Amino acid sequence: MSSPSDAEVIGRSLGEPEAFGLIYDRHAATLLRFLGRRAGAKVAEGLVGELFRIAFERRKTFDMSRASALPWLYGIGSNVLLKHRRGEARRLRASALMAAGLEAASGRGSAAALDARVLFSRVADVIEALPDGEREALLLFAWEELPYQGVAEALELPIGTVRSRLNRARAHLRELLKGNGKSRVRSR
Amino acid sequence: MKPVDLARKLRREAAVKPAALDRGKAVLMAAIRQEVQPMRRPSIVPRLPYEDVGAALSFLERAFGFREVPAARGVRADGAIDHTMVEFGDGMIGLGAQGAHGAFSPKRAGTATQYITVHVDDIDAHHQRALASGAEIVSRLHDHLRDYRVYEALDVEGHRWRFLQWLREVPQTERR
């Protein structure tokens, strides 16, 4: 017998609330990693229960035509994260340093290492400076590897809006590349 | 490099601790329980002050069979219990640190200023349990005017509890 879809489980949980525990068992590790990448492990640990509590309380609003609850859960997670934006900026900069270190260690000269350092700290700045909606779309797409449709479901937007937000985010990042990491990105 | 790949380079792998998952699940399950069986809110809830709320809670559970209300517990920065609630049958009382709200434990005040009556289903078993847990019996178990069977005990800090069972509910064999 195949296991029930998320939609079936959530449908069942309307009459039998305990059934919602299965949604946690299926997706909590993925969401905990997502929260950890964005807000740090410590904050994430405090948020994952909160995320699923909110999901449980809003389960009536889940669109039963969607088989997987994952994009919906990502959407709730994105909202929960909005309160923790400050910590996120700090983590982005730390990630930028690490990414630059990896580039430098990949065997290029020290000039390239310096370039990578400048480049990635600017990537972090650009991502940080994106409007909430664009940043959320970009990171769900690039980090969580949700397809366009998934990002649209998570952010409750038409797919066309997701496309245009991602295009704007791409354009901001592309400006960096054109200048080989040396040009100043126009701040918004 | 494509712009999205550039962003992707800043992605960090995050470890998942099983203990963190367990704590998160506990939060969810508490919310689920709350919906299945919402917390009762009686109109009157006495609150008893204690010097050591944690010790009082464990005594009341052990000796009198009270049960802590899930999610009612408030903990101080040092990890000690500041306040919580216990329930028994359809009754409910709060336990709180003395001094708050101007109330003090008999242990410090030197006297109790009230006593609480609790109706139980099996007074003899309840009495045995209280005795075995070291409750100080201040009024021995006896029948009162053939109406009810009753005893009184002090808890760890001297709050006075009166436990009784209406006699028509006492099994015939136990009656004299």
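Residues in region B:123-142 that are out of contact with any strand residue (DSSP E or B) (no Cβ under 7 Å at 6 or more places or on another chain) and in a loop (DSSP other than H, G, I, E, B): B:Ser133, B:Gly134.
Within region B:21-47, residues that are within 9 Å of chain A (Cβ to nearest Cβ) sit with their Cβ atoms under 9 Å from residues that are outside any helix (DSSP H, G or I), at 6+ positions apart or across chains, in these pairs: B:Ala30/B:Pro70; B:Ala30/B:Ala71; B:Arg33/B:Pro70; B:Arg33/B:Ala71. A count restricted to region A:71-113 and to residues that are of a type outside the set (Gly, Ala, Ser), more than 14 Å from chain B (Cβ to nearest Cβ) and open to solvent by less than 40 Å² (accessible area, probe 1.4 Å) stands at 3. Reported count of residues in region A:20-33, each being crowded, with 20+ Cβ neighbours inside 10 Å and either more than 8 Å from every other protein chain (Cβ to nearest Cβ) or under 19 Å from A:Ala67 (Cβ atoms) (or both), is 6.
Go through the residues of region B:80-97 one by one and say whether even a single one is at positive phi and either over 13 Å from the mean Cα position of the chain (by Cα) or open to solvent by 60 Å² or more (accessible area, probe 1.4 Å) (or both). So far as region B:80-97 goes, yes, one or more of its residues are at positive phi and either over 13 Å from the mean Cα position of the chain (by Cα) or open to solvent by 60 Å² or more (accessible area, probe 1.4 Å) (or both). Among the residues making up region B:3-20, a single one is open to solvent by 80 Å² or more (accessible area, probe 1.4 Å) and more than 8 Å from chain A (Cβ to nearest Cβ): B:Pro18. Screening A:Ser121, A:Ser110, A:Ser78, A:Ser95 for residues that are of a type in the set (Gly, Ala, Ser) and modelled with pLDDT of 90 or more leaves exactly one candidate, A:Ser78. Considering A:Glu50, A:Glu57, the condition of being open to solvent by 60 Å² or more (accessible area, probe 1.4 Å) and either at the interface with chain B (Cβ under 8 Å from one of its Cβ atoms) or of a type in the set (A, V, I, L, M, F, W, C) (or both) is satisfied by A:Glu57 alone.
Just one residue in the set A:Arg37, A:Arg66 is open to solvent by 10 Å² or more (accessible area, probe 1.4 Å) and in a helix (DSSP H, G or I); that residue is A:Arg37. Looking at B:Ala109, is it open to solvent by less than 50 Å² (accessible area, probe 1.4 Å) and over 30 Å from A:Gly77 (Cα atoms)? Here the answer is no, as B:Ala109 does not meet what is asked.
Across region B:23-42, the number of residues qualifying as modelled with pLDDT of 90 or more and not hydrophobic (A, V, I, L, M, F, W, C) comes to 2. When region A:116-138 is filtered for residues that are farther than 16 Å from A:Arg174 by Cα and either buried (at least 18 other Cβ atoms within 10 Å of the Cβ) or among the basic types (Lys, Arg) (or both), the ones remaining, listed by number, are A:Arg117, A:Glu136, A:Ala137.
The values are calculated or read from the model by the stated rules, or taken from the named source; none is laboratory data. It should be emphasised that the depicted structure is a prediction, and the values quoted were computed from it without experimental measurement. Every residue, glycine as well, gets a Cβ built from its backbone with ideal geometry; the counts of neighbours run over all protein chains shown. Heads up: the accessible areas ignore ligands, DNA and RNA and are worked out on the full protein's heavy atoms, side chains in. Shrake-Rupley method; radii C 1.70, N 1.55, O 1.52, S 1.80 Å.
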